[in-house]
Amino acid sequence: MIGALFQAVRRAHLDVTLRSGPDLRVRIVERPGLWMEPDDLAALQGQLRAIARKTLPAGDLTYGVFAEGGARLNETIITLVSTARGTPVAFNALAVMEVDVAPRSVEVLHLGLVMVDPAYQQQNLSWVLYGLTCFLIFLRRQMRPIWVSNVTQVPAVVGMVDGMFSDVWPSPKAGSRKLAHLMIARAIMAEHRGVFGVGDEAEFDETDFVISNAYGGGSDALQKTWEAAPKHRDTAYNAFCANGLDYDRGDDFLQIGQMDMTAMRTYLRRSVPRSALLSLAVAGALVGLRRVVLPVLHWGDAGKTWRDLRPWRGGGE
């Protein structure tokens with residue numbers, strides 16, 4: 001147990017497992033393409049494809065974690081939900097994007113592709129698939145705000161993202177769009193369309209943040225009709241999507257928001273089940289511990305180059 005904990009702390013990337021109720025396990029794996037052994041990486045991709053086959057029996061996806069070569073796994077954080085017996089039932093492929101916004105680039109977490117086995121869609125997994133990884137990354141960054149993005153045409157998701165994060169645009173309840181929203185959205189559409197399967201022919205409305213004809217870049221199987229798109233319990237979001245999107249053409253909203261202290265409190269109070277608070281606290285403590293232990297381990301490693309900052313002269317180049 002202690003040895004496994006030490007190994008988890010010593011890793012440069014997250015690999016955290018926690019419980020979600022008595023029957024489900026959650027594993028968060030950060031950038032597995034950079035460090036995971038080939039056989040383990042292939043097994044992880046196999047689990048993602050197994051969930052996709054149950055979710056999209058009539059079509060295939062060819063972008064993101066399903067693209068040829070698996071290069072996207074170098075820049076992706078996988079949140080995988082499995083049964084206690086190891087059967088995969090849901091995942092989120094959260095993309096880490098470096099977005100060039102003058103005067104400097106910022107890191108944006110794209111909420112990414114979410115898929116849930118139809119048999120588990122009533123298991124209240126949204127707190128895991130949409131907020132958990134952002135929460136842990138927020139802790140690791142010493143609670144500094146993190147920009148998040150989301151592309152969807154589903155009213156239930158539009159409302160959930162608006163309720164879970166801060167300063168979300170667009171939203172039927174938002175005050176006004178800020179310059180930061182526009183700058184980040186422009187950079188995402190210019191540099192990162194492939195992350196969410198939007199082709200070059202898609203157009204972006206900078207006023208309403210609508211991507212028109214959004215399903216031509218490998219995400220065709222995800223397009224929904226208005227009737228099939230899951231609705232939100234708050235009818236304001238349903239009306240917002242019905243009036244703002246053309247479902248026959250295949251439109252999406254590009255949502256931009258933040259994980260900050262306000263969003264964290266909202267997430268813990270409204271989204272996380274009480275039965276999961278202990279597991280979440282342990283995972284959060286592990287992430288926080290890594291912020292203390294890893295720099296000490298790296299400082300004492302003579303094989304690492306830190307330019308003028310090194311434990312002693314003669315360290316490896």
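The values are calculated or read from the model by the stated rules, or taken from the named source; none is laboratory data. The model shown is predicted, which means the values in this text are computed figures rather than measured ones. Every residue, glycine among them, receives a Cβ derived from its backbone with ideal geometry; neighbour counts consider all protein chains shown.
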List pairs: first residue in region 77-101 and farther than 24 Å from A185 by Cβ and surrounded by fewer than 13 Cβ atoms within 10 Å (Cβ to Cβ), second residue at pLDDT 95 or above and of a type in the set (F, W, Y) anywhere in the structure, Cβ distance under 6 angstrom, at least six positions apart or on different chains.
none
Using beta carbons and a limit of 7 Å, which pairs, at least six apart or on different chains, have the first residue in region 132-155 and under 30 Å from Q223 (Cβ atoms) and the second one of a type in the set (D, E) and part of a loop (DSSP other than H, G, I, E, B)?
Q153/D251
Quick one: V99 ticks every box in (1) farther than 16 Å from R49 by Cα; (2) in contact with a Lys or Arg (Cβ under 7 Å, 6 or more places away or on another chain); (3) at pLDDT 90 or above; (4) not hydroxyl-bearing (S, T, Y) bar one, so which box is it?
(2)
Would you be able to say whether some residue in region 199-215 is within 21 Å of the chain's Cα centre (by Cα) and assigned to a helix (DSSP H, G or I)?
no
Return the total of residues in region 223-257 being polar (S, T, N, Q) and free of Cβ contacts under 8 Å to residues at least 24 places away in the same chain.
3
Does D167 satisfy the criteria of being in a strand (DSSP E or B), modelled with pLDDT under 90 and within 23 Å of T207 (Cβ to Cβ)?
no
Region 125-179, residues that are touching a strand residue (DSSP E or B) at 6+ places or on another chain (Cβ under 8 Å) and more than 21 Å from D252 (Cα to Cα):
L125, V128, L132, T133, C134, F135, L136, I137, F138, P145, I146
With respect to the numbered conditions (1) within 26 Å of W127 (Cβ to Cβ); (2) in a strand (DSSP E or B), which one is the sole condition not fulfilled by H232?
(2)
Of the residues L222, L297, which is in contact with a Lys or Arg (Cβ under 7 Å, 6 or more places away or on another chain) and at pLDDT below 90?
L297
On the basis of being buried (at least 21 other Cβ atoms within 10 Å of the Cβ), within 11 Å of the chain's Cα centre (by Cα) and modelled with pLDDT under 90, does L125 make the cut?
no
Say whether the condition of being aliphatic (A, V, I, L, M), closer than 27 Å to V272 by Cβ, assigned to a loop (DSSP other than H, G, I, E, B) and modelled with pLDDT of 80 or more is met by at least one residue in region 81-92.
yes
From (1) surrounded by 21 or more Cβ atoms within 10 Å (Cβ to Cβ); (2) assigned to a strand (DSSP E or B), pick out the condition that doesn't hold for Y267.
(2)
Across region 178-201, the tally of residues that are in contact with a helix residue (DSSP H, G or I) (Cβ under 9 Å, 6 or more places away or on another chain) and surrounded by fewer than 20 Cβ atoms within 10 Å (Cβ to Cβ) stands at 3
Pairs, please: C-beta under 9 Å, at least 6 apart or cross-chain, first residue over 15 Å from L129 (Cα atoms) and in region 258-278, second at pLDDT 70 or above and among the polar types (S, T, N, Q)?
Q258/S166; D260/S166; M261/S166; T262/S166; A263/S166; T266/S166; S275/S20
